[in-house]
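> Have a look at this one before I ask anything.
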Amino acid sequence: MAAAAVREAAEEIGVGIEPAALRLFHVAHVTAPGRDSRLGLFFRVEKWRGEPVNCELDKCYALEWFPLTALPADLIEYSALGLAALNSSALYSEFGWRAE
């Protein structure tokens, strides 16, 4: 997984990250109607090479920075839950599953 995170950071925002710099802080087990379930792995990175830029203009219209206390209202829900885990001790969450 570390290699995939490093590759995606280079492809999507043009930064270089050493795999050892990745710090896993949360895992989310996510599902939605009509979609396969998946695990979302949330890594924290404090050191990288290069300046982040939007490298996928055909998939993403902007790259913007927000304080964690002022995230956009239309943020993808499971992403918001993962970011909220930065300030908690919750290492795992579930999203989209029906209670039985």
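The values are calculated or read from the model by the stated rules, or taken from the named source; none is laboratory data. The model shown is predicted, which means the values in this text are computed figures rather than measured ones. As a convention, Cβ positions derive from the backbone with ideal geometry for all residues, glycine included, and neighbour counts pool all protein chains shown. Calculation scope for accessible area: heavy atoms of the full protein, side chains included, ligands and nucleic acids excluded. Shrake-Rupley method; radii C 1.70, N 1.55, O 1.52, S 1.80 Å.
> Restricting the search to the range 83-100, which residues are surrounded by 12 or more Cβ atoms within 10 Å (Cβ to Cβ) and free of Cβ contacts under 8 Å to residues at least 60 places away in the same chain?
LEU83, ALA84
> Can you name the condition, by its number, that HIS29 falls short on among (1) more than 21 Å from ARG7 (Cα to Cα); (2) free of Cβ contacts under 8 Å to residues at least 40 places away in the same chain?
Of everything listed in (1) more than 21 Å from ARG7 (Cα to Cα); (2) free of Cβ contacts under 8 Å to residues at least 40 places away in the same chain, HIS29 misses just condition (2).
> How about the range 25-65: which of its residues are among the aliphatic types (A, V, I, L, M) and open to solvent by 100 Å² or more (accessible area, probe 1.4 Å)?
Those that are among the aliphatic types (A, V, I, L, M) and open to solvent by 100 Å² or more (accessible area, probe 1.4 Å): LEU39, LEU57.
> Follow-up. Check off (1) in contact with a Pro (Cβ under 7 Å, 6 or more places away or on another chain); (2) free of Cβ contacts under 8 Å to residues at least 12 places away in the same chain; (3) surrounded by 11 or more Cβ atoms within 10 Å (Cβ to Cβ); (4) hydrophobic (A, V, I, L, M, F, W, C) for ALA80 and give me the number that stays unchecked.
Answer for ALA80: the failing condition is (1).
> Kindly indicate whether any position in the range 56-75 is touching a strand residue (DSSP E or B) at 6+ places or on another chain (Cβ under 6 Å) and not small (Gly, Ala, Ser). It would help to see each step written out before you state the result.
Filtering the range 56-75 for residues touching a strand residue (DSSP E or B) at 6+ places or on another chain (Cβ under 6 Å) gives none.
No, the range 56-75 contains no residue that is touching a strand residue (DSSP E or B) at 6+ places or on another chain (Cβ under 6 Å) and not small (Gly, Ala, Ser).
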